[in-house]
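Note sheet for the following structure.
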Amino acid sequence: MAIRKKRSLKFLLIVFIITFLIAAILSSGTEFILRVLPLTLTWVLLIIVITIGVLFDVIGIAVAAADEAPHHSRAAKKVFGSRQSIFLIRRADKVANFANDIVGDITGTLSGAMGAAIIILLTTEYSYLSEWKVILNILLLALIAALTVTGKAWGKTVAINEANNIIDITGRVIATFEKFSGLDLTKTKKRGGR
């Protein structure tokens with residue numbers, strides 16, 4: 001019991017540090033990009049951030065709902081990405097935590113900050129909008145929240161109904177990344193020390 005508690009505390013500490021670092025890097029990078037990009041591209045970047053949040057939410061739900069057996073069948077036939085799919089399903093709690101909580105919360109925070117930055121850019125570029133700054137800020141943040149929540153609600157339905165297909169696609173994406181990068185993110189230890 002003490003070993004399990006120690007592992008749990010270690011995992012929570014790792015999650016905290018990773019989340020802090022990712023959020024810091026993305027926030028500073030996004031702020032820099034928003035200052036450099038024209039206003040039209042900042043809207044595109046905002047939509048991309050919201051979409052990433054929704055996609056990772058779908059993966060997090062799908063990995064928790066997926067069935068491992070079909071992926072073993074694919075692995076027996078040496079189907080590309082099946083080993084990665086099994087890896088994800090066997091670590092569903094950690095994958096869901098990363099996808100839903102870490103990526104989901106970071107993209108949510110980023111999209112809100114980007115919304116505020118867009119309003120500042122708008123009111124700076126079009127000075128006549130400055131008297132509407134508060135209303136524009138409220139409307140944009142409400143739009144961001146509505147898009148995020150609606151996207152995630154739709155995504156949850158798809159994730160539950162198509163869990164195995166989504167994890168299959170995710171496994172293939174990870175396998176492709178591993179193939180081209182040379183990194184083995186899903187390496188598992190073989191039994192018996194072999």
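Here are the numbers:
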{"read-out": "The lone exception for residue 123 - which of (1) among the hydroxyl-bearing types (Ser, Thr, Tyr); (2) surrounded by 16 or more Cβ atoms within 10 Å (Cβ to Cβ); (3) modelled with pLDDT of 90 or more it fails", "value": "(3)"}
{"read-out": "Residue within the stretch 119-137 that is under 29 Å from residue 42 (Cβ atoms) and of a type in the set (Gly, Ala, Ser) present", "value": "yes"}
{"read-out": "Only listed residue being among the aliphatic types (A, V, I, L, M), surrounded by fewer than 18 Cβ atoms within 10 Å (Cβ to Cβ) and on the phi < 0 side of the Ramachandran plot, chosen from 160, 106", "value": "160"}
{"read-out": "Flag if residue 152 is basic (Lys, Arg), part of a helix (DSSP H, G or I) and free of Cβ contacts under 8 Å to residues at least 24 places away in the same chain", "value": "no"}
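The values are calculated or read from the model by the stated rules, or taken from the named source; none is laboratory data. It should be emphasised that the depicted structure is a prediction, and the values quoted were computed from it without experimental measurement. Neighbour counts are summed over all protein chains in view; Cβ atoms, including those assigned to glycine, are modelled from backbone coordinates with ideal geometry.
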